[in-house]
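**Student:** Take a look at the following structure, please.
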Amino acid sequence: MNTITNERIYIFIDFGNIHREFLKLNFKADYVKVKSILSENKDLIKIILYMSVIHPIRPSIKGWLSRLERKHGIEVKYIYLKVLPSGKKIEKGVDVLLAVDMLYCAFKDKYDTAILVSGDADFIPVIKKLLDLGKKVEIWGFKNSIALKLIDIVGNNNVNYIDEILGDIEKI
């Protein structure tokens, strides 16, 4: 029998970071399954998916985001892609939004453990601050793209690899 620990967790998903890796693998992830695996035996307080979107949001994307929130309790926070004069679209501000939420919720003592789904080295400063605050940080990323400094900071025991659960999170 699986018993839930008293460890309160927040899951923060950097959609852009992991989605790029899924695209390389031609893989479609089921984020409800991701939520289930990452929160197994833990007291999941909140899960938030951070992403950038094109304005206006396509109806199919809007429907997917709505279902994630309404049916599955996955909060979605997004920022519109910036469009340069050349027409190129770039993502700006998503990592900052995620980092601010991680710190704010830590200061408000809303969780014991932050689970960050990203391998992005941009999160190193926020992770150091969370550890200084006495919070535990777990990282989920891809073996080939996780920043080695992230592993150094949180320790090998607090790093998990998405590569190892692909069969369990595939969208069918």
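**Student:** Are any residues in the stretch 62-113 within 30 Å of residue 131 (Cβ to Cβ) and basic (Lys, Arg), and if so, which ones?
**Tutor:** Within the stretch 62-113, 77, 92, 108, 110 meet the criteria.
**Student:** On to the next question. Among residues belonging to the stretch 155-164 that are surrounded by fewer than 20 Cβ atoms within 10 Å (Cβ to Cβ) and in contact with a strand residue (DSSP E or B) (Cβ under 8 Å, 6 or more places away or on another chain), point out the one that is nearest to residue 7 (Cα to Cα).
**Tutor:** Of the stretch 155-164, the ones surrounded by fewer than 20 Cβ atoms within 10 Å (Cβ to Cβ) are 155-161, 163-164.
After this cut, where a residue has to be in contact with a strand residue (DSSP E or B) (Cβ under 8 Å, 6 or more places away or on another chain) as well, the list is 158-161.
Details: 158: 14, 159: 17, 160: 18, 161: 21 Å.
Here the answer is 158.
**Student:** Report, by residue number, each residue of the stretch 30-48 that is of a type outside the set (Val, Ile, Thr) and more than 13 Å from the chain's Cα centre (by Cα). So that I can check it myself, show each step before the final result.
**Tutor:** Initial filter on the stretch 30-48 (of a type outside the set (Val, Ile, Thr)): 30-31, 33, 35-36, 38-44, 46.
The answer is 30, 33, 36, 40, 41, 42, 43, 44.
**Student:** For the stretch 137-150, name all the residues that are touching a Phe, Trp or Tyr at 6+ places or on another chain (Cβ under 9 Å) and either among the hydroxyl-bearing types (Ser, Thr, Tyr) or not in a strand (DSSP E or B) (or both).
**Tutor:** 142, 143, 146, 147, 150, listed by residue number.
Listed here are the residues, each with its yes/no results for (1) under 25 Å from residue 6 (Cβ atoms); (2) outside any helix (DSSP H, G or I); (3) not β-branched (Val, Ile, Thr).
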| residue | (1), (2), (3) |
| --- | --- |
| 115 | yes, yes, no |
| 126 | yes, no, no |
| 130 | yes, no, yes |
| 152 | no, no, yes |
| 167 | no, no, yes |
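**Student:** Hey, among the residues in the stretch 67-88 that are loosely packed, with under 12 Cβ neighbours inside 10 Å and among the charged types (D, E, K, R), which one's modelled with the lowest pLDDT? Show your work before the answer.
**Tutor:** Initially, the stretch 67-88 is screened for residues loosely packed, with under 12 Cβ neighbours inside 10 Å, giving 70-71, 84-88.
Narrowing the set further to residues that are among the charged types (D, E, K, R) leaves 70-71, 88.
Working: 70: 94, 71: 94, 88: 89.
Ranking the qualifying residues of the stretch 67-88, first place goes to 88.
**Student:** If you check residue 143 against the conditions, is it surrounded by fewer than 19 Cβ atoms within 10 Å (Cβ to Cβ), within 24 Å of residue 19 (Cα to Cα) and among the basic types (Lys, Arg)?
**Tutor:** On the way: surrounded by fewer than 19 Cβ atoms within 10 Å (Cβ to Cβ): yes; within 24 Å of residue 19 (Cα to Cα): yes; among the basic types (Lys, Arg): yes.
Spelling it out, residue 143 is indeed surrounded by fewer than 19 Cβ atoms within 10 Å (Cβ to Cβ), within 24 Å of residue 19 (Cα to Cα) and among the basic types (Lys, Arg).
**Student:** Could I ask something else about it? Return the residues of the stretch 45-82 that are aliphatic (A, V, I, L, M) and in contact (Cβ under 8 Å) with a residue 24 or more places away in the chain; say none if nothing qualifies. Spell out the reasoning first.
**Tutor:** Taking the stretch 45-82 as the starting set, the residues that turn out to be aliphatic (A, V, I, L, M) are 45, 47-49, 51, 53-54, 57, 61, 65, 68, 74, 76, 79, 81.
If the condition is that a residue be aliphatic (A, V, I, L, M) and in contact (Cβ under 8 Å) with a residue 24 or more places away in the chain, then 45, 47, 48, 49, 51, 53, 54, 68, 74, 76, 79, 81 are the ones that fit.
**Student:** Quick check on residue 103: is it farther than 21 Å from residue 161 by Cα, of a type in the set (A, V, I, L, M, F, W, C), at pLDDT below 95 and not in a strand (DSSP E or B)? Explain how you work it out, then say what you get.
**Tutor:** Numbers: farther than 21 Å from residue 161 by Cα: yes; of a type in the set (A, V, I, L, M, F, W, C): yes; at pLDDT below 95: no; not in a strand (DSSP E or B): yes.
Here the answer is no, as residue 103 does not meet what is asked.
The values are calculated or read from the model by the stated rules, or taken from the named source; none is laboratory data. Since the structure is predicted, the reported quantities are computational estimates derived from the model, not experimental observations. Here Cβ is always computed from backbone atoms with ideal geometry, including for glycine, and neighbour counts include all displayed protein chains.
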